């Protein structure tokens with residue numbers, strides 16, 4: 001018997017994730033929960049029809065009670081980013097929505113690993129820990145996992161190699177203060193910039209800045225063109241769920257609540273974590289350049305202030 005996975009929110013992100021999860025090894029059932037029950041039922045039917053072409057999980061619509069026994073509950077519900085907004089602009093509205101969802105989920109599925117994709121995604125694990133008593137390792141934001149993939153994809157095109165050959169990470173906020181880590185990026189066992197030089201494709205400081213801007217603004221450009229960024233994050237959700245249900249112990253740049261990081265208290269940013277059946281390990285702080293360390297501390301401070309302000313507003317509501 002495989003794992004039961006809950007997906008709360010059946011908009012385009014939730015639907016993309018559910019579709020991919022329907023064929024994830026180790027998953028036997030995907031339960032879709034949405035305030036719009038007809039939407040959830042229709043997505044479950046549509047995904048189920050596609051999944052019927054091969055061995056696949058059962059996809060059903062349900063309520064919170066149907067999440068009992070779930071190994072992972074994915075939360076995608078909330079307002080979407082609109083033109084001109086940053087992810088942090090969604091804080092007040094989506095904290096309130098997610099707070100109500102968590103009150104239901106922790107009651108019926110207290111043992112589930114919670115995986116957040118709702119923006120601002122870095123604030124949601126803190127909400128789960130601080131207001132609902134969830135253990136930090138069981139409240140995971142997708143965070144900079146998608147940014148890291150975008151970083152690798154961009155580098156792979158420049159270097160004409162496969163993205164899987166590039167080991168490079170983005171840390172900090174899944175947003176404008178994110179930190180692309182150049183100092184420990186590696187390709188084929190060589191430091192990235194050395195590999196690029198030997199490849200005849202040196203990446204100078206100006207191009208590094210252009211790549212950083214490209215990665216940072218990727219979601220804004222995608223949303224400007226098609227209205228939503230859903231397949232990339234759907235793929236991240238599926239990959240993390242696969243790591244959890246398979247107890248893979250893979251390493252991913254995701255966000256969890258941290259009592260302290262680089263002198264910043266009570267923050268939630270992306271760093272490398274080992275992901276397995278119990279959720280996320282303690283974060284690992286990699287060796288960084290002085291500039292990267294300063295930037296990461298700045299990003300952590302932004303999230304500290306954002307989280308504190310959001311929780312204060314929520315408590316006063």
- Two pseudo-spin positions, 7 Å from Cα along C-beta at residue 197 and at residue 162, lie apart in nanometres by 2.8
- Measure nothing fancy, just the Cα-based angle from helix 37-51's long axis to the longest principal axis of the chain, in degrees from 0 to 90, nearest 10. 70
- Task: Find the centroid of the Cα atoms in region 267-317 and in region 205-245, then give the distance between the two in whole Å.
- Result: 19
- Rough spin-label spacing in nm, given labels placed 7 Å along Cα→Cβ, for residue 249 and residue 213: 4.3
- residue 23-residue 153 FRET efficiency (beta carbon distance; Förster radius 25 Å; 0.05 resolution): 0.65
- In this structure, the FRET efficiency calculated for residue 190 and residue 284 from their beta-carbon separation, with R0 = 25 Å, to the nearest 0.05, is 0.70
- Query: Between the helical axis of 290-316 and the dominant principal axis of the chain, each derived from Cα atoms, what acute angle in degrees is found, rounded to the nearest 10?
  - Reply: 30
- Query: Based on DSSP H runs of at least 4 residues, each adding -39500 (n - 2.57), what is the mean residue ellipticity at 222 nm of the chain after dividing by all its residues, to the nearest 500 deg cm²/dmol?
  - Reply: -14000 deg cm²/dmol
- Task: Can you figure out the FRET efficiency of residue 226 with residue 183, using R₀ = 51 Å and their beta-carbon distance, to the nearest 0.05?
- Result: 0.90
- Between the Cα axis of helix 12-21 and the main Cα principal axis of the chain, the angle (0 to 90°, nearest 10) is 90
- Highest first, please rank the peptides 216-225, 148-157, 169-178, 36-45 by the mean number of other Cβ atoms sitting within 10 Å of their residues. 169-178, 148-157, 36-45, 216-225
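Under the 0.36 nm per residue contour assumption, what length would be gained going from the current alpha-carbon distance of residue 135 and residue 35 to full extension?
33.3 nm
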- Task: Provide 257, 231 in ascending order of the number of other Cβ atoms located within 10 Å of each residue's Cβ, fewest first.
- Result: 231, 257
- Which distance in nm do the two modelled labels at residue 260 and residue 89 give, with both placed 7 Å along the Cα-to-Cβ direction? 3.7
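Laboratory data are not the source of any read-out in this text; all were calculated from the coordinates shown. The shown structure was predicted, so the numbers you read here are calculated from the model rather than taken from an experiment. Virtual Cβ from ideal backbone geometry, glycine too; neighbours counted across all protein chains shown.
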